[in-house]
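The values are calculated or read from the model by the stated rules, or taken from the named source; none is laboratory data. Note that the structure is predicted; figures quoted are calculated from it, not measured. Reconstructed Cβ throughout: ideal geometry from the backbone, glycine too, with neighbour counts over all protein chains shown.
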Amino acid sequence: MKICIVKLSAMGDIIHAMVALEFIKKHIPDSQIDWVVESGFRGVLENNPHIDNILPVNLKSLKTKKSEFFTQYKLLKKYATNDYDLLIDAQGLLKSAIVSKIIGAKKIAGFDKDSIRESISALFYQHKVNIEYGANAIDRNMAVICEPLNIKFTKEEILLKNKFLYFPTLENQDKESYITLVVGASKENKIYPKEKFVELTKQLKERTLIVWGNEDELHSATFIAKNSKYATVVPKGNLDALKSIINGSKMVIGGDTGPTHMAWALNIPSITIFGNTPEYRNTYITDINKVVKSDSKVDPLKLDYSDFSINEIEVEEIVNLYHSIIK
């Protein structure tokens, strides 16, 4: 059976969907699984033995260069020659639905109109999956990918998952115990204050590596390292290097963003800090993966981008949670 999954972005969303791969291979071991993804995120998928072909696109280029439309359309038509039995749009956006339609398959599956914000997308699917939009993102991805394949699963089975991010063994891997700090996020109001991160490292008194992805995050990372003897800025690397650092961590602490979610995918202890985004929707809470949340009420259908309540979370709350996990 030839299966194509469309999940274009972003890093955390892709990770939340990747957990389904183990279930597909368990129930349909001879299946071929291809994955359509924005080229900037293909590194999240690379080296995964359950993925046969990564099919990159660059739809983001259309925002600045309209002539790219023909290049991307030609690329999608090339992917259409793969003759898929089932294509699953796990994104649920109009653009991902259009991508799914262009590539095509004997059957296209996705969310129904009541399960997504861009309800028009459901018109492109033959098999439609119903699950509340406010439901946990991992549960939603498992439902939209597994239901069209008649794969049954329980939450307990998801919690017993194997690691599902892969990377080559890197030379000179750090063998000493360390905490990883994730200091950035896609939105400013999802970022914990750098001054509080400084205080956090001082209270934990543990060797701490700081990962970063852009100049603003580097600025924050440098500030923390200059003001705390426990913190070191990690040189910028590719996604394989990031996976390796997360995988070697004693604990990962950061906001609601892709690198923090990598910890759950790799079965590494983590604390995710939530302000204006819903903790019950955006992560799985386990014995080793915990969250701290501000007091603000969050509507997943209408996020408040003026909500900076993440700034109000006390360092002591994170420290106490850390010690409850790492005993």
| request: Considering only the range 305-318, state which residues are surrounded by fewer than 15 Cβ atoms within 10 Å (Cβ to Cβ) and out of contact with any Pro (no Cβ under 7 Å at 6 or more places or on another chain). | output: Tyr305, Ser306, Glu312, Glu314, Glu316, Glu317
| query | Among the candidates Leu8, Leu86, which residue alone is buried (at least 19 other Cβ atoms within 10 Å of the Cβ), among the hydrophobic types (A, V, I, L, M, F, W, C), more than 20 Å from Ser186 (Cα to Cα) and modelled with pLDDT of 95 or more? | reply | Leu86
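Does the range 19-38 contain at least one residue that is of a type outside the set (A, V, I, L, M), within 21 Å of Gly110 (Cα to Cα) and in contact with a Pro (Cβ under 9 Å, 6 or more places away or on another chain)?
Yes; the residues of the range 19-38 include at least one that is of a type outside the set (A, V, I, L, M), within 21 Å of Gly110 (Cα to Cα) and in contact with a Pro (Cβ under 9 Å, 6 or more places away or on another chain).
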| remark: Of the residues in the range 268-304, those that are out of contact with any strand residue (DSSP E or B) (no Cβ under 7 Å at 6 or more places or on another chain), surrounded by fewer than 17 Cβ atoms within 10 Å (Cβ to Cβ) and free of Cβ contacts under 8 Å to residues at least 40 places away in the same chain come to Asp287, Ile288, Asp295, Ser296, Lys297, Asp299, Lys302, Leu303, Asp304
| Being more than 18 Å from the chain's Cα centre (by Cα), among the polar types (S, T, N, Q) and more than 27 Å from Ser31 (Cα to Cα), is that true of even one residue in the range 119-127? | yes
| remark: Subset of the range 255-300, residues within 12 Å of His16 (Cα to Cα) and in contact with an Asp or Glu (Cβ under 6 Å, 6 or more places away or on another chain), comes to Asn282
| Just checking, how many residues over the range 10-59 are without any contact (Cβ under 8 Å) to a residue 40 or more places away in the chain and under 20 Å from Ala80 (Cα atoms)? | 14
| Which one of these does Lys65 not meet: (1) farther than 22 Å from Lys2 by Cβ; (2) in contact with a strand residue (DSSP E or B) (Cβ under 9 Å, 6 or more places away or on another chain)? | (2)
| query | What about Glu68, is it at negative phi, at pLDDT below 95 and touching a helix residue (DSSP H, G or I) at 6+ places or on another chain (Cβ under 9 Å)? | reply | yes
